[in-house]
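If you scroll down you'll find the structure; I have some questions about it.
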Amino acid sequence: LFSTREPKGGASSRRNFLSTAATATATTVVGVGVVRSGGDKDAAFARGRATLEQAYDRYTPRIVAGGKFYASDMKKLIGNNDFAGLVAATADPPKKKSKQDLSKSDGGAADRAALAGGFSDARVLVACDLYAATFSDNSISQKTKRMKEQVEIMRNVTSSIRALALAQSSDNGGGGGGLFGGGSKKIPKAEAAQKIRALYVQGGNAWNQYVFVANDDLPIFLNRLPYL
């Protein structure tokens, strides 16, 4: 259903990619081991590895969970034309604190976060953005740029799916934004369902391209992100 091809560079099967990436990564690690000789280089290597490991542990669980939700739960919601379910799946938590939040030690942050949909911007795409930023240092790397490009596609797709679903749901709260704009304008159900399906495929392809770039040259001590 979804493509796993490199965004700008010809076709590459998942098996060939993983084999090539593993070989290239192993070569890179060996090279680093040979070149490193001074205290400054050792320290820089340790800091870089520690930073990547921390970001990996912090963000990839949300990314992996988001991918599983997209491939399974979102697919079922779309197949059943469950527009209310899609609205809930893409919902971000409320930004404003309630009176109850103010009485809690964390300001209600945990409770608000729990209200985020399974493939919401706050739960999944923000984590994708932050993980992408990990691969840059003093200046933005090409890898970070390429990953963020795919995140932006997914963000537009999610926004558009939500706008279409909001227009079809009985509790239509308006929409706006997204690829089709005018979220509160209701179109025939069949047309909305067709557009949502097309968007779903577009978002899935962007997800797999994000994974492809994220896994490229990833150190061998970290597990690769799974494709959809």
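The values are calculated or read from the model by the stated rules, or taken from the named source; none is laboratory data. If you're wondering where the values come from, they're calculated on a predicted model, not measured in any experiment. Accessible surface areas use protein heavy atoms only, side chains included; no ligands, DNA or RNA. Shrake-Rupley method; radii C 1.70, N 1.55, O 1.52, S 1.80 Å.
Can you work out the Karplus-derived ³J(HN,Hα) for every residue in region 79-94? Use 6.51 cos²θ - 1.76 cosθ + 1.60 with θ = phi - 60°, whole Hz, and x for glycine or proline.
So the Karplus estimates, Gly and Pro as x, are x, 8, 6, 8, 5, 5, x, 5, 4, 5, 5, 9, 6, 8, x, x Hz.
Can you put 92, 137, 216, 57 in order of accessible area, largest first, using a 1.4 Å probe?
Accessible-area ranking of 92, 137, 216, 57, largest first: 137, 57, 92, 216.
Beyond 25 Å between alpha-carbons counts as too far, so tell me which of 148/189; 68/148; 76/186; 95/195; 68/195; 76/145 fall in that bin.
From the list (148/189; 68/148; 76/186; 95/195; 68/195; 76/145), the Cα-Cα distance tops 25 Å for 148/189; 95/195; 76/145.
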